Every structure is written in structure tokens, then in C-alpha cells.
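Q: The structure follows.
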Amino acid sequence: MAVKVAQEWLAICGGCEVTILDLGKTLLDILPKLEIVHMPVLHDHKLFGQTGEKNNMEIPQADVGIISGAVHTKENEEVCKQMRAKVKTLIAMGACACYGGVPALRNLYGVPEVYEMVYRKGVTTDPAEPPSKELPPLTDKVMAVSEVVKVDVMLPGCPTTPELFAEAVTSLLEGKPFKLSDKSVCDECPTKREKKAAAGMALKRPLAKIAEKGTELSSMRCLMEQGYLCLGPATRSGCGGHEKVPRCIKAYMPCRGCFGPLRHDANPMVDMMGALSTIGIDPKQILDRQATFNRFCGGQGRLRPMPAPKK
Ligand code: SF4
Ligand code: SF4
Ligand code: SF4
């Protein structure tokens, strides 16, 4: 019997849904085993009836529920509760659903300030009152799905990877346990570490090519030791697919932390300040440390409004 799947998206960019399509042939192997009962990206089943005629949300009963995106409106909160009530296993897909993701950068500000910036101070917007009709109100802060309901499986990454998605779905279909890696990106990184401190090194910006295409990763020095900000030490591994080579490192770029913190209660800012200091880089060179180190995981209390500057 096919496994029923329901999917919904909250505050997203849509990249995680594209990841499902990126499965390619594997998707064709998995699809006959699934019955999709609700999935806005490819299935014409609407939340409030086909013409919006219903007042209450309708998510059909399913075995597996998938939510991508962060919770940033009261409606998003309700979708999480509805989905949780209708499914046996709930998957949070992508950094936004797992940790708040990029939308949770909004947590650096209060809601009135966000409205002010978007509707009154936006350089491309004529100042106006924030819309109040027929739009769900914003939540006080942007949340990961697990801050609203219990989540059974997390698939981190911005976007998550096709391999991880396939592994999770296959494990569920076969009744096998699914577990994320508990190693860091550094643990799977093939670059060469010389472990020499470089006191006073200035951080470089990776605007130009760091290495020529084709350069053996094992002959390239660790990017952080070269002075590039790489969040590998504070980020969970798992983005490298079957090869187990971190996705950005493979492209000669530093890790930006999209697989989220190593532990649920970890704060990448604290971990990275330590890692940078260890090799002699002063973390105070990074002016927006809160946002830089928590770019993908500002939910779960990691990002809060900044105190107003002293006058
Ligand atoms: S995790 Fe990244 S790719 Fe996925 S929805 Fe959020 S912003 Fe988009
Ligand atoms: S800091 Fe970055 S480049 Fe260096 S080992 Fe860790 S992941 Fe690799
Ligand atoms: S290397 Fe870091 S930023 Fe890049 S995909 Fe992996 S976890 Fe994400």
C-alpha cells in the first residue's frame, strides 16, 4: 500500500522543493510507493478549498507530513498544528523549517520595526500603512517548526540535499531508523590543515576565485587558515552526499553554516568565536557577528532584537 504524503510550505524561497525535483531518477523510483494527498508545489489541492470557499484549513490525513519554511505568521503556526494533527511522522525540511533559516534574521528586530523598515523606509517603496486586511498577522518572532509542534525528522541545509531527502524517505518506507550526522563539516573536509596560528591575520572576503577549477582539495590549505571565514567548525556535516565532501568546499568556497548547529542547544556564534581565536583571527573583525554566525539558525532563541544604540 502506498504511503500517503502531505506537504506544506511556510516562509520559504522554494529551493527545498526544487531539491525534491533534483532527485532525478531516484524520484521516479520512489514516487510509485507514495500517494501525494496535498502538496501545493505540484498538486492542485488547496488549503481552504479549491476556490477558497472554506473557512477552515483542510490538510488530509497522511502517514508522512513534510513542512518546509519557517513559521513567521499566525497562519503558518496553524498549518503546523493542523499538519501535526493529521500525520504520523512529521519532517521539517530545510534550514528554514529546522532552525528558522534566513527568514529568522527578522528576529534581530521587533515586529513594529520590521513594518517600519518594509513599508515606510524601503528605498523602493512609497511610504504607506502596513496592510491589515486579509493578511495573516506576523508572529512576534520567526520560529523553527519544532518551536510550534513536535518534529520527528529534521533535514537541514539551505536547501537540504537530494541524497538526504531520499535517505530519509527510504528509511521511513522501509521502517528503518534515520539519523543525522553528529560530526562537523570540518570532520568531513578534505583540505590540508597545518594547525599553525596566524596571530593578527585579517579576514579576507571570498570575492575572487580561491582556487583554480580542478585543484585537488587535499592539496588546498584549510580556508580558515588562509583567512577566509568558514563556519565548518560549528556546522553539522551531511551536505556532501555520497562522496561526503562538503558541498561548498567542493566548489572552493567556505562553509556558511547552512546545515545548522552541531547540537540542538549549540550557539554557532559562541563556537565560531572560539574557533577563530584558536587560529589567531580576531572575531571582532566581523561587525555583524550575530547575523553572520546565525544566518541559517536564528530561530530557537539564537537571534533577538539588538539593544538600541546609546545616544
Ligand atoms: S532552507 Fe533555504 S532553500 Fe530551503 S526554503 Fe529555506 S531559504 Fe529556501
Ligand atoms: S574550517 Fe572550513 S576549510 Fe577548514 S577544515 Fe573546516 S570546513 Fe574545511
Ligand atoms: S559546506 Fe556548509 S554552507 Fe555549504 S552546503 Fe555544506 S553546510 Fe551548507
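Q: If you stretched the chain out fully between K25 and R289, how much longer would it get, using 0.36 nm times the residue separation minus the C-alpha to C-alpha distance?
A: Between K25 and R289, full extension yields 90.9 nm more.
Q: In addition: Please identify every one of the trypsin sites (Lys or Arg not before Pro) in segment 186-246 that sits in a loop by DSSP and has no more than 12 other beta carbons within 10 Å of its own beta carbon.
A: The qualifying sites are R193, K195, K196, K209, K213.
Q: Based on a Kirkwood Rh over C-alpha pairs, give the Stokes-Einstein translational diffusion coefficient of the chain at 25 °C and viscosity 0.890 mPa s in µm²/s.
A: Reported coefficient: 117 µm²/s.
Q: Where does the chain land at 222 nm, in deg cm²/dmol rounded to the nearest 500, when only DSSP H runs of n ≥ 4 count, each adding -39500 (n - 2.57), divided by all residues?
A: It comes out at -6000 deg cm²/dmol, rounded to the nearest 500.
Q: Ok, one more. How much length, in nm to one decimal, is gained on full extension between K81 and D140, taken as 0.36 nm per residue of separation minus their Cα-Cα distance?
A: 19.5 nm
Q: Compute the separation of the alpha-carbon centres of segment 259-291 and segment 9-82 and state it in Å as a whole number.
A: 34 Å
Q: Right, something else. Going through the cross-link list K25/K179; K46/K88; K46/K133; K133/K284, which pairs have a Cα-Cα distance over 32 Å in this structure?
A: Violating the 32 Å Cα-Cα cut-off are K133/K284.
Q: Next up: Using the crude model of +1 on Lys and Arg Cβ and -1 on Asp and Glu Cβ, and no other charge, please compute the dipole size for segment 1-123 relative to its Cα centre, in debye to 20.
A: Roughly 180 debye for segment 1-123.
Q: What does the net charge come to around P127 if you take all other residues with beta carbon closer than 10 Å to its beta carbon, with K and R at +1 and D and E at -1?
A: -1
Computed from the coordinates by the stated procedures, all read-outs in this text should not be read as laboratory data. Every value quoted in this text rests on a predicted model; they were computed, and no experiment measured them. So basically every Cβ, Gly included, is an ideal-geometry build from the backbone, and we count neighbours across all protein chains shown.
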